[in-house]
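Input: a single structure, listed below in C-alpha cells.
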Amino acid sequence: MYRACIFDLDGTLAYTLDSIAYFSNKALEKCGYRAIPVEDYKVIVGDGADMQVRRMLDSTAGKGAWTEEDFHRVREIYGNLYGSNPTYLLKNYSGMPQTLQRLKAAGIKAAVLSNKPDAWVAVIIESLFPAGTFDICCGQRQDIPRKPSPKGALLIAEKLGVSPAQCLYIGDTDTDMKTGASAGMDTAGAVWGYRGRDELIANHAKYLADVPEKVADIAMSGMQR
C-alpha cells in the first residue's frame, strides 16, 4: 500500500520556470552576460542552485570560459534576487490542488522534497497551497545532501512513520527518479514537467503520469493492492 507521496517542487508541484529564468537572467545581466531563453532553463534546473548557476555560465559564456570567482559572483546575486521574492511568477499546475485534496481525503500523507533552499521552499508552498496540505516540506539544508542522495527522502519517510516501500516518489527529472529508486521507493514520472517522457523512461520510472490527476489514481490503486 502507498501510505505517502513525496513530491518534487520545480516542474512537479508548481510551474516555476518563468520565475527561475527571470531571476537567473537578471543575475547574469548584472555580471555582464547575455540572458538565456526561458525554455533552455528546463535542462539547466534540477540539481540545486550551485549546479544551476554553473550550467547557466556554461550556456551563456561557454564551458571553460568562466572562473570560480565568476561563479560565486553570479551565485550570490542570484540567491539575493530569488530569495527576496521566491513566489514571483509562480503558477499552480492545473489539477494539482485537486490531486492533493484527493490524497488527503484518502488518508495518504504528502510531503515535499526539493533541492531549493529550505527557506524558499517554505515560502513557495505557503503561497500556493492551503495550510496543512503537506505533512512535511523539506528543502536543501546543511544536514541533508541534495538529490539524488536518498537521505532526504528516507528522513521524510521516517518522520511520516512509513516504510520506503509504502512511499510513492513523484518528480519530473532523472534526478528525481534516481532519488526515489535509491531510497527504495516506487517512482512516478511527472510528464507534465520540465524534462518529459524520454528522460523519465530512461531512468526507470515505475509509472508515468501525463497530468497531476493521474498521481492520485496511481497512489490510490496502490492502496488497493
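Quick note: the coordinates plus some simple rules give every number you see, no bench work behind them. Just so we're clear, the structure is a prediction, and the values are computed from it rather than from any experiment. Cβ sites come from the backbone with ideal geometry, for glycine too, and all protein chains shown count toward neighbours.
Summary table
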quantity	calculated
Phi to ³J(HN,Hα) by Karplus 6.51 cos²θ - 1.76 cosθ + 1.60 over the range 62-67, Hz, x for Gly, Pro	x, 4, x, 9, 9, 10
Charge dipole (debye, nearest 20) of the chain; +1 at Cβ of Lys and Arg, -1 at Cβ of Asp and Glu	360
Nearest 10 degrees, 0 to 90: helix 17-30 Cα axis against the chain principal axis	20
Whole-angstrom Cα spans of the chain along principal axes, big to small	56, 34, 32
In degrees, nearest ten, helix 68-84 long axis to first principal axis of the chain (Cα)	60
Fluctuation leader among Met185, Met51, Met177 - the chain, Gaussian network, Cα springs under 10 angstrom	Met51
Fraction of antiparallel bridges per DSSP, the chain only, in percent to nearest 5	15
Average Cα contact separation per residue, the range 17-84, under 8 Å, 6 or more apart, as relative contact order %	36
Entries of Lys63/Lys151; Lys104/Lys159; Lys30/Lys63; Lys26/Lys214; Lys63/Lys206 with Cα pairs more than 25 Å apart	Lys63/Lys151; Lys26/Lys214; Lys63/Lys206
0 to 90° range, to nearest 10: angle between helix 213-223 axis and the chain longest Cα axis	40
Convex hull (Cα only) mean projected area of the range 17-84, reported in nm² to one decimal	3.9
Descending semi-axes in whole angstrom, ellipsoid equivalent of the range 1-134, from the Cα gyration tensor	32, 13, 12
